[in-house]
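Here is the structure we will look at, set down as structure tokens.
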Amino acid sequence: MDLKECGYSLANRKQMRKKSIHPCQSTDKDVIKEAHTENLMTNLSNAYASDLLPSKEGEDLTKCFLLRVVNILLHYIEKTFDDKSKILDFHHPHQLLEGLDGFDLELSDHPESLEQLLVDCTDTLKYGVKTGHPRYFNQLSSGLDVIGLAGEWLTATANTNMFTYEIAPVFTVMETVLLKKMCGIIGWRETEADGIFSPGGSISNLYGILVARYKQYPEIKARGMAVLPCIVLFVSEQGQTPFCVVATAGSTVFGAFDPLHDIADICETHKLWMHVDAAWGGGLLLSRKHSCRLSGIERADSVTWNPHKLMGVPLQCSALLTREKGLLGACNQMQAEYLFQPDKVYNINFDTGDKTIQCGRHVDVFKLWLMWKAKGTYGFEVQIDRYMELAKYFYKVLKKKDNFKLVFDAEPEFTNVCFWYFPPRLKHIPKSFERDQELQKIAPKIKAQMIVEGTAMLSYQPCGDKVNFFRMVFSNPATRQTDVDYLIDEIQRLGKDL
Ligand code: ABU
């Protein structure tokens, strides 16, 4: 939709009004108001936020302003999916702080016009990163799902808080539906399981550990840490008192999976809580072909699973799931009387806010629910299987190229593929400290140039004795095989003379 169409729809509306309203019902005031509105369609320089709803007669201006915002967003979305567009228009932080072409981040005491706000919206997107671009491989969370986006827009419009059913009746119940669904997929008996959506994988992991500690030492709730022995999560040979083992299903860099059954055996023998960080790998449970990588997860006591990673739900969407019901509440509740009154008119079990250490909690469930409705479980499966195929393809192509070296020779377990690029001058030099010192500089240099040119984005890192290597990862539904081929060529183009 462009501005003309925005004007056109208003004109249509006028026509419709003419048809349905008797001429004598139309007043001069209406005509003046509509002329005023049309003027505003093209220029909002004299309009301010205070003129929008709930201001009296602010309806048309609000519509006009929001349609123009949508127009800006649609333009951005189209650019996002256009592989010829740049992923980013890179600037250094100091340049953004100093102001770019009139884009001024400083805040003033006086209101800016709506027209200026629209320019600010455009500029904010202009200097950002198109994380849905088919050649954006930088993070585990990528892509731009249009249904998820619609869900996020709706969520922002509803602007409520997840702590009570009272103010989020649909969303709190929807959350229980999704948690049940996810617990069922893990393999737990849904009626006995529990969970909560939280702000990201680390916080979900924290919830898992808090519950583990509470389960082992419930006295902590009333008497605090001081009454506990020196408990540890990771145990050395000298050991202290272990209470929990954290296993990983899909590690961030290598995409590796811990042997969950073996870990579960140890946890059962020693009565330890087993938490599985499946923030990245959890989505693989939706693939009948690949879910075996997580075999044993059903024996875990708690699981972190981030739908904003492999499942492509817009950020943020992360769940902590527990096999035993009631522990999250028992562990975290503070029973604030101003929110969680026991004598409410409805079933207060749906006041889920006391299961968390947060007070305010964003609605993260709706976009996931809407996407699940739109795709069905099988739709996610198809998407995820395709990522696995792309990873295999990428691995096979790299294996054949003598200027690339895979960090691990074996086929990737997941969608992560880690590799080095060797420029011709380093290709034939045997591994040595000096060679590695040089190799260490290659990935950052290639990445820097890639960012400056805005052609692609992928991450790199050192790990242990391995100097900087690239991590390719597939979680972006817009990525095709041609983008993978492009990336390989691009790395060679940028790296050959280094
Ligand atoms: N939670 C870690 C995500 C890091 C990454 O996207 O690479």
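Please work out if Lys375 is assigned to a loop (DSSP other than H, G, I, E, B) and either buried (at least 23 other Cβ atoms within 10 Å of the Cβ) or on the phi < 0 side of the Ramachandran plot (or both). Taking the combined requirement at face value, the residue does not satisfy it. Tallying residues that are among the aliphatic types (A, V, I, L, M) and more than 28 Å from Gly184 (Cα to Cα) within the range 324-349 yields 4. Scanning the range 219-234 for residues that are exposed (fewer than 15 other Cβ atoms within 10 Å of the Cβ) and among the β-branched types (Val, Ile, Thr) turns up Val227, Val232. Figure legend. Inter-residue proximity from the range 178-206: first residues closer than 17 Å to Ser318 by Cβ and hydrophobic (A, V, I, L, M, F, W, C), second residues more than 16 Å from the ligand (Cβ to nearest atom) and part of a loop (DSSP other than H, G, I, E, B), beta-carbon distance below 7 Å, spacing 6+ or different chains. Indicated pairs: Cys183/Ala193; Ala193/Arg323; Ala193/Lys325; Ile196/Thr356. Just one residue in the set Gly143, Gly132, Gly151 is away from the ligand (no atom under 16 Å from the Cβ) and within 19 Å of the chain's Cα centre (by Cα); that residue is Gly151.
Restricting Gly239, Gly255 to those that are on the phi > 0 side of the Ramachandran plot, surrounded by 15 or more Cβ atoms within 10 Å (Cβ to Cβ) and either away from the ligand (no atom under 16 Å from the Cβ) or in a loop (DSSP other than H, G, I, E, B) (or both) reduces the list to Gly255.
Do you know which of the residues in the range 189-207 that are of a type in the set (A, V, I, L, M, F, W, C) and closer than 14 Å to Val276 by Cα is nearest to the ligand (Cβ to nearest atom)?
So in the range 189-207, the residues of a type in the set (A, V, I, L, M, F, W, C) come out as 193, 196-197, 203, 206.
This time we only want the ones that are closer than 14 Å to Val276 by Cα, so: 203, 206.
Values: Ile203: 11, Leu206: 13 Å.
Among those residues, the one meeting the criterion is Ile203.
Cβ-Cβ contacts under 9 Å between residues 6 or more apart (or on different chains), taken from a first residue in the range 333-344 that is farther than 23 Å from Pro218 by Cβ and at pLDDT 95 or above to a second residue that is acidic (Asp, Glu) and outside any loop (DSSP other than H, G, I, E, B), are listed as Leu339/Asp354.
Residues being charged (D, E, K, R), within 15 Å of the ligand (Cβ to nearest atom) and in a strand (DSSP E or B): count how many of those fall in the range 432-488. Step through it out loud before you land on a result.
Kept after step one, since they are charged (D, E, K, R), are these residues of the range 432-488: 434-436, 438, 441, 445, 447, 453, 465-466, 471, 480, 483, 485.
This time we only want the ones that are within 15 Å of the ligand (Cβ to nearest atom), so: 447, 471.
Okay, now just the ones that are also in a strand (DSSP E or B), so 471.
Of the residues in that region, 1 qualify.
Within the range 203-218, the set of residues being surrounded by fewer than 16 Cβ atoms within 10 Å (Cβ to Cβ) and farther than 20 Å from Phe163 by Cα comprises just one member, Pro218. Condition (residue is away from the ligand (no atom under 16 Å from the Cβ), in contact with a Cys (Cβ under 7 Å, 6 or more places away or on another chain) and β-branched (Val, Ile, Thr)) applied to the range 268-287: is it met by at least one residue? Looking for residues that are away from the ligand (no atom under 16 Å from the Cβ), in contact with a Cys (Cβ under 7 Å, 6 or more places away or on another chain) and β-branched (Val, Ile, Thr), one finds none in the range 268-287, hence no.
Here's the yes/no breakdown for (1) small (Gly, Ala, Ser); (2) at pLDDT below 95; (3) within 27 Å of Gly282 (Cβ to Cβ):
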{"site": "Lys399", "(1), (2), (3)": "no, no, no"}
{"site": "Val417", "(1), (2), (3)": "no, no, yes"}
{"site": "Tyr421", "(1), (2), (3)": "no, no, no"}
{"site": "His428", "(1), (2), (3)": "no, yes, no"}
{"site": "Glu438", "(1), (2), (3)": "no, no, no"}
{"site": "Ile446", "(1), (2), (3)": "no, no, no"}
{"site": "Gln449", "(1), (2), (3)": "no, no, no"}
{"site": "Glu453", "(1), (2), (3)": "no, no, no"}
{"site": "Leu458", "(1), (2), (3)": "no, no, yes"}
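If the condition is being more than 24 Å from the chain's Cα centre (by Cα), outside any helix (DSSP H, G or I) and of a type outside the set (Lys, Arg), then the range 339-370 contributes Leu339, Phe340, Gln341, Pro342, Asp343, Val345, Tyr346, Asn347, Asp351.
Scanning the range 291-327 for residues that are in contact with a strand residue (DSSP E or B) (Cβ under 6 Å, 6 or more places away or on another chain), of a type in the set (A, V, I, L, M), away from the ligand (no atom under 16 Å from the Cβ) and not in a loop (DSSP other than H, G, I, E, B) gives Leu294, Ile297, Leu321. Annotation note: Cβ proximity below 7 Å between a residue of the range 135-151 that is within 13 Å of Leu368 (Cβ to Cβ) and among the hydrophobic types (A, V, I, L, M, F, W, C) and a residue that is more than 10 Å from the ligand (Cβ to nearest atom) and in a helix (DSSP H, G or I) (sequence gap 6+ or interchain) occurs for Ile147/Leu370; Ile147/Met371; Ile147/Ala374; Ala150/Leu370.
The values are calculated or read from the model by the stated rules, or taken from the named source; none is laboratory data. For clarity, every value in this text was computed on a predicted model and none was experimentally measured. Ideal geometry is used to build each Cβ from the backbone, glycine not excepted, and the neighbour counts take in all protein chains shown.
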